[in-house]
2 protein chains.
Amino acid sequence: MAVSIPATVETTVHATMDALTSAEKRAARTLLANYPTIGLAPVAEFGTAAGASAATVLRFISRLGFRSYPDFQRALRTELDERTKSPLQRSFEVPRQESERFLDRFFEQTAEIMRATAERIPASEFEAASRKLADSRHACHLAGGRFTDALAMYMEAHLRRARPGVRRLDGRIANRADQLLDIKAGDVVVLFDMRRYDDDLLETARQLKAARAFTILVTDEWISPISRFSKIVLPCRVSIDRIWDANTAMFALVEALIARTTELSWKTAESRIRAGD
Amino acid sequence: MAVSIPATVETTVHATMDALTSAEKRAARTLLANYPTIGLAPVAEFGTAAGASAATVLRFISRLGFRSYPDFQRALRTELDERTKSPLQRSFEVPRQESERFLDRFFEQTAEIMRATAERIPASEFEAASRKLADSRHACHLAGGRFTDALAMYMEAHLRRARPGVRRLDGRIANRADQLLDIKAGDVVVLFDMRRYDDDLLETARQLKAARAFTILVTDEWISPISRFSKIVLPCRVSIDRIWDANTAMFALVEALIARTTELSWKTAESRIRAGD
DNA sequence: GCCATTCTGAAATTCTCGTTTCAGTGTTGA
DNA sequence: TCAACACTGAAACGAGAATTTCAGAATGGC
């Protein structure tokens, strides 16, 4: 038996979205983004906030099925009342409906992957990696493969805010040799490698080990051969019962590393962040 | 040191209570009992609920220090807005809990953010975006800002596997003008923009609209001004009660888009992927 | 690129709502 | 008991709100 979903204004908006014109959609989005307050304001104000005219907002409201704007506002108030009167009820509000939506299923699976990932990464490893990253006495280098280069890039951009001496290694192998010369013993290097593992990156890792760099490897559950040359290995689940591999857990791990590192080096980070913004 | 209490309407009512006449007190009690919804209703309704006349309610409101009833309502709305959005405005504090659980907590919060994101993205919008991306008759362009460029890059790498004609716009503005010339009416453009919103990207979006491109915007919960020039807007939660914004939900959305797009264009995608691996 | 169609916002219109007034009611103190 | 005073709500008023209309702009199909 399907549990009936309460027909809130919000769900109605979602359901109606399809049938809306573009200016009306702007109104819809504004409402969802400032739910429910903007709907409690006069139409004119709602219109301005949405970058549309009052008339458009009214058309939007009527398309949602309300007979008038005051009618719509009454619905919002009633809803608000019920929500605040039974806060406990809120967690049951959106019950285990069969999520037919692709997006919901996908996100659920992803959350599961993340849970599995968190389980498998030893806290001590994570902590050691963060501390090493937060230690700005040594330079920090990042590199990834074909698909993971974007992760390296993202991490670089954020790590730069927290500490000095962050650099991403160029993807092309030709340039690698030169770049490796800059790396000193004790420097931190974060490598991203997942199936199918990158041979060039493996070679790079070997040389880094020879140069006595401190290598942190972020890899998938099958673990890249680079682990041989790494001080710290952080394995992420990338699939559970899904056809495509999902790197979201890896991305989340990157964010966690950034967050923890920033926290640990807050003294340095604070001024850098303020200067950067 | 006294903790300063924020001057909410509610506290003002309490403070004013004993200066009120008996009918006014009825109004005050009604407001406190149905806070804040009854105050968002028309005066007449408020009056009826309180068993008093509209005039009495008005006198009550003015005694609270508001210049008019709409003024009072505006205060309530602002307050309501802040109540739902403010947890993230808390200033930075180093978490007392030591590192062990950092990763777990972080991932939990992230999962929560993802849930909230999935909830807010209308299925129709997601589906429409995927379909448009799967339609390889038109070219597809991607661009991001300072931190989101990495997302564009990641999406580019994967979308390339699924379909031809994918290109990422160069980050530097100088090159933008030339690149825009290549974009034809009907082309899909995926833009990533989050706080603090990128002015150059906004300008690019404006020109894209003029060129009649089909713009898909991936943004945060406060919605980039680019939404004005976009056909589809996909808002992601980036924070719930955490100091730093987290882009994991956005990354997951990108992966979901890639997955769905690949699914929809499987005929084309299959051979491309085989050739690429 | 052109035409039919749809969409949009400014302005005119209508009506509801907030506000004010004032007569009536209740209350207090002599 | 009566007068002075404060409180209250019904009704009149005017402001500002929602709604409708319509001409011009944008869009989509050929």
Check your understanding: Put a point 7 Å out from Cα along the line to Cβ at A:F102; what are the distances to that point in the other copies, in nm, shortest first?
Key -> 3.8
**Study point:** Accessible-area value, A:E263, 1.4 Å probe, nucleic acids and ligands omitted, Å²
**Key:** 20 Å²
Revision key, fill the gap. With the label set 7 Å along Cα→Cβ, B:R272 is separated from its counterparts in the other copies, in nm and shortest first, by 3.8
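With a cut-off of at most 15 other beta carbons within 10 Å, and DSSP calling the residue loop, which trypsin sites (Lys or Arg not before Pro) in segment A:207-251 qualify? Please list them.
Numbers: sites: A:K209, A:R212, A:R228, A:K231, A:R237, A:R242; in loops: A:R212, A:K231, A:R237, A:R242.
When the trypsin sites (Lys or Arg not before Pro) of segment A:207-251 are filtered for loop state and at most 15 Cβ neighbours within 10 Å, A:R212, A:R242 remain.
Grab the DSSP H runs of the protein assembly as shown that are 4 residues or longer, score each as -39,500 (n - 2.57), total them, divide by all residues and round the 222 nm result to the nearest 500 deg cm²/dmol.
Numbers: 27 runs with 310 residues, N = 554.
Taken over the protein assembly as shown, the calculation gives -17000 deg cm²/dmol.
So if I place +1 on the C-beta of Lys and Arg and -1 on the C-beta of Asp and Glu, and nothing else carries charge, what would the dipole magnitude of chain A be about its Cα centre? I want it in debye, nearest 20.
Numbers: 41 positive and 37 negative charges, 137 e Å.
Charge dipole, chain A, about its Cα centre: 660 debye, nearest 20.
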Exercise for review: Note the distances from B:S22 to each other copy's matching label point, with points 7 Å along the Cα-to-beta-carbon direction, in nm, sorted shortest first.
Suggested key: 6.3
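With every protein chain kept in the model, how would you rank B:T16, A:T248, B:T21 by accessible area, 1.4 Å probe, largest at the top?
Working: B:T16 20, A:T248 0, B:T21 65 Å².
Descending accessible area places them as B:T21, B:T16, A:T248.
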Study note, to complete from the structure: Rounded to one decimal in nm, the spacing of the 7 Å Cα→Cβ label points at B:D135 and B:T11 is 5.5 nm
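Leaving out ligands, DNA and RNA, and with a 1.4 Å probe, what % of the accessible surface on the protein assembly as shown is carbon or sulfur?
Carbon-and-sulfur percentage of accessible area, whole number: 52.
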Point to revise | Set B:K184/B:K209; B:K132/B:K267; A:K132/A:K267; A:K209/A:K267; A:K132/A:K184 screened for pairs whose C-alpha atoms are more than 21 Å apart | key: A:K209/A:K267
Revision key, fill the gap. Phi-derived 3J(HN,Hα) across segment A:33-50 with the Karplus relation (6.51, -1.76, 1.60, θ = phi - 60°), rounded Hz, x for Gly and Pro, is 6, 10, 7, x, 4, 4, x, 8, 7, x, 3, 4, 5, 3, x, 4, 4, 8
Check your understanding: Excluding A:G51 itself, what net charge comes from residues whose Cβ is under 14 Å from its Cβ, given Lys and Arg +1 and Asp and Glu -1?
Key -> +4
Practice item. Please turn the phi angles of segment A:262-275 into ³J(HN,Hα) values with the Karplus equation 6.51 cos²θ - 1.76 cosθ + 1.60 (θ = phi - 60°), one per residue in order, whole Hz, x for glycine and proline. Key: 4, 4, 5, 10, 4, 4, 6, 4, 3, 5, 4, 5, 4, 5
Point to revise | Between A and B, accessible area buried - total, square angstrom, nearest 100, 1.4 angstrom probe | key: 6300 Å²
Exercise for review: For helix A:149-162, report the angle its Cα long axis makes with the longest principal axis of the Cα atoms of chain A; keep it between 0 and 90° and round to the nearest 10°.
Suggested key: 90 degrees
Revision key, fill the gap. For A:K25, counting only lysines whose alpha-carbon sits under 16 Å away and dropping same-chain residues fewer than eight positions off, the answer is B:K231
Practice item. Return one number: the angle in degrees, 0 to 90 and rounded to the nearest 10, between the long axis of the Cα atoms of helix A:102-120 and the longest principal axis of the Cα atoms of chain A. Key: 40 degrees
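Could you provide, to the nearest whole Å², the per residue accessible area of chain B with probe 1.4 Å?
Numbers: 12860 Å² over 277 residues.
On a per-residue basis, 46 Å².
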Review point. In whole Hz, what ³J(HN,Hα) sequence does segment A:16-30 give by Karplus (6.51, -1.76, 1.60; θ = phi - 60°), x for Gly and Pro?
Key: 8, 2, 3, 8, 8, 7, 5, 5, 5, 4, 4, 4, 4, 5, 4
**Study point:** Radius, Kirkwood style, for chain B when every pair of distinct Cα atoms is counted (Å)
**Key:** 22.4 Å
Exercise for review: Please determine, in degrees from 0 to 90 and to the nearest 10, the orientation of helix B:199-210 with respect to the longest principal axis defined by the Cα atoms of chain B, where the helix direction is its Cα long axis.
Suggested key: 70 degrees
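The values are calculated or read from the model by the stated rules, or taken from the named source; none is laboratory data. Because the structure is a prediction, the values reported are computed rather than measured. Methodologically, a virtual Cβ is constructed for each residue, glycine included, from the backbone with ideal geometry; neighbour enumeration extends over all protein chains shown. These area figures cover heavy atoms from the full protein model, side chains too; ligands, DNA and RNA do not enter into them. Shrake-Rupley method; radii C 1.70, N 1.55, O 1.52, S 1.80 Å.
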